[in-house]
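What follows is a set of notes on a single structure, which appears directly below.
Every number in this text was worked out from the coordinates using simple rules, so none of it is lab data. This structure is a prediction, so every number in the text was calculated from the model and none was measured. Cβ placement follows ideal geometry from the backbone for every residue including glycine, while neighbour counts extend to all protein chains displayed.
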C-alpha cells in the first residue's frame, strides 16, 4: 500500500486531519487541504478533506468497483470505465484522452487493478494501480482512505501519483511548456512585486489539478447517494462541474453545457441508457 504509506507515518487519518485544522495550513476550501511533491521522474498529490457524511454511509458507497468507475468517469478526460476481472483480481477497464484547450486528442486504454485493502467499522482503504499508465507514465496509482470523525462526519484521504518513463517525462514537460504553459496549480510558491500569490506551474501543477479532479469526483458521487439510483449519475455530473467551477482558475476547461453533454453521452455508452433526468 505504498501510495498511502507515504507521509502517513504512525498518525491516524483523523489525527492528521485535526493537526492540519489546528495548524496554519492553507485550506483550499473549508475542510479541504492539498499538498504535492515533484521528483525528477515522479509526481504526487494528496488531498485530505472532511465529508459531511457518516463513515458507514460513505464507506458503503465507495466499497464497490462499479461505484469507482462511475465516479472516475466524472473526470473530464476519462471517457469509459467498466469493471472486469483478471488474474490479479478486479480490473477497471478505462479509456482516457488528453485534453488540449477544450478539444480531445487520441484515446489511451488504461487497466487499473482495484483492491479493497481494508474495510471495517472504522477504516476503509482502496487502491487502484497500473504498472503502465497513459502517455508514457508508469506506476500509476490512486489511493483512497476513509475514517470516521467525531460528530457523525468522516475524513477522506486521496493520493494520486505517477512515475514517468523517459518518453513520458518528455511528453509531460512538452505539454506544460506549450499547451499548458498558462495553467497553474493550487500551491502558493512565491509572491509577486505587488504581494499577490504566485501559484505553482509545470508538472507539479498538472498533478495537483488531477488530484483535485479525482477528489471532487469522490465528493460529487457521495453527494448524490441519497437520491434514487436512476437520478444519481445525472446529478453527479452537475455536482462535479459546479464543484470544479469553485476552482475555475485551475480547473475550468469547457463550459457547463458542453461538459454535461459529453458526460451524459459517455455514461449512456456505458450504461446503455440515458443516465436519468437532469435538474435543469
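List of remarks:
- For the range 164-179, the tally of residues that are surrounded by 12 or more Cβ atoms within 10 Å (Cβ to Cβ) and closer than 13 Å to residue 133 by Cβ stands at 6.
- Some residue of the range 177-188 being touching a strand residue (DSSP E or B) at 6+ places or on another chain (Cβ under 9 Å) and in a strand (DSSP E or B): yes
- Filtered residue count, the range 140-164, keeping only those that are without any contact (Cβ under 8 Å) to a residue 60 or more places away in the chain and touching a strand residue (DSSP E or B) at 6+ places or on another chain (Cβ under 8 Å): 1
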